[in-house]
Amino acid sequence: MERKLTAIVAADVVNYSILIGQDELGTLAALNTLQQEIITPAVTKYRGRVIRLLGDGSLLAFNSALNAVLFAVDVQRIMAKRKAAAPFSIPIDFRMGANLGDIILQENDIHGEGINVAVRLEELAPPGGICLSHSIYLQTRSAFGDELLPIGERQLKNIAEPVMVWRWQPPGVADGVGSNPCARTLKRPAHGRQILDPKVTELLVDLYVRSARLAISESFDEMLAEPDGGGLLSPEDIYKRFAHKLNGTRELLFPISIECGENIHEFTPRFWRSPQSMSEFIANVFDSAHIFFAGTLLTEIQSILRSDSPQLTKRTKFMRLVHEFLCESKVPQAKSLIRFAFVEL
């Protein structure tokens, strides 16, 4: 067995089981056409190799991180253009995950956590989009310009450490929420769901804000309690401390899903899908790029920690930033974006 740093792309077909149930032969024929006309030529172009090819997805390996990302972007852009020019009779979308990690080579197969991360990232991606790990982002960010959206550290299933995630979707292409008539027919009916009362849904949003305020307050106190008073912490260290705490506040929201209202695009036109987990919705609204990842905000917190002010003064200054950090003014708007919330029975 041999270990090797490899770029992995995991891809699957959105709503594959539903498509197969509606038109098995038509779906398989359409996928075969896409495989021959888009996937295989792109794999050859970017010097990748197919590790596993299943009915609803595939796993590909690339020696170059940049080639892996260019492959994924190229495929998704071609798919978007084809759909815009002539919508498929069977609405097929791919979602993809890309990761750069250490893997184990064994004959014609590969193993390792690097693959598992790519697969979990693919599950987070919107239809037609790609989710990247921070490791592959660092090697390929110049290829994206400003097309990437940081969506925070996510605790991926069966992955020990949280992973910083970046998300991409073809510019100007809607994500399918309230925009594709064919996609609407694929939404699962409400049967089998326990719909939550709107008051309960609003309470959950309020509860998150309060819990998040407490979590980051505790995190700041822990920094102050360090021997150096947190003065040696970098902005990246501060971000990791807060992200870890905020991930914990969202854990209880994982079993809850939401349907977004039609006015979701008035709030943000990209990177949304419906239904989605409430934890993801909360992260998108409150931990978005211009709030949570704003370098100026983290630098301000670092300056507070490094100042010679008494701890009480430091804490007072920090709590003034908490309102901006959580952007609590978005609470009413966030509530208005939720059509309804539910749990699966």
How would you rank LYS45, LYS335, going from fewest to most other Cβ atoms within 10 Å of each one's own Cβ?
-> LYS45, LYS335
Where GluC sites (Glu not before Pro) fall in DSSP loop in segment 62-165, at most 11 other Cβ within 10 Å = GLU107
Using R₀ = 22 Å, calculate the FRET efficiency as 1/(1 + (r/R₀)^6) where r is the Cβ-Cβ separation of LYS45 and ARG141; round to 0.05.
-> 0.55
Tell me, what is the FRET efficiency for GLU218 and THR33 to the nearest 0.05, using R0 = 45 angstrom and their Cβ-Cβ distance as r?
-> 0.25
Where does the Debye-calculated log10 I(q)/I(0) of segment 2-176 sit at q = 0.16, 0.20 Å⁻¹, using only Cα point scatterers of equal weight, no solvent?
-> -0.93, -1.42
Pairs to check: LYS199/LYS245; LYS199/LYS317; LYS157/LYS240; LYS240/LYS335; LYS245/LYS330; LYS4/LYS45. Give those whose C-alpha atoms are more than 24 Å from each other in this structure.
-> LYS199/LYS245; LYS199/LYS317; LYS240/LYS335
Which length gain, in nm to one decimal place, applies between LEU25 and LYS335 when the Cα-Cα distance is subtracted from 0.36 nm times their residue separation?
-> 107.4 nm
Here FRET efficiency (C-beta to C-beta, LEU203 to GLU251, R₀ 25 Å, nearest 0.05) is 0.90
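Each reported figure results from applying straightforward, stated rules to the coordinates on display, with no laboratory input. In this text the structure is predicted, and so the values were computed from the model without any measurement. Neighbour counts are summed over all protein chains in view; Cβ atoms, including those assigned to glycine, are modelled from backbone coordinates with ideal geometry.
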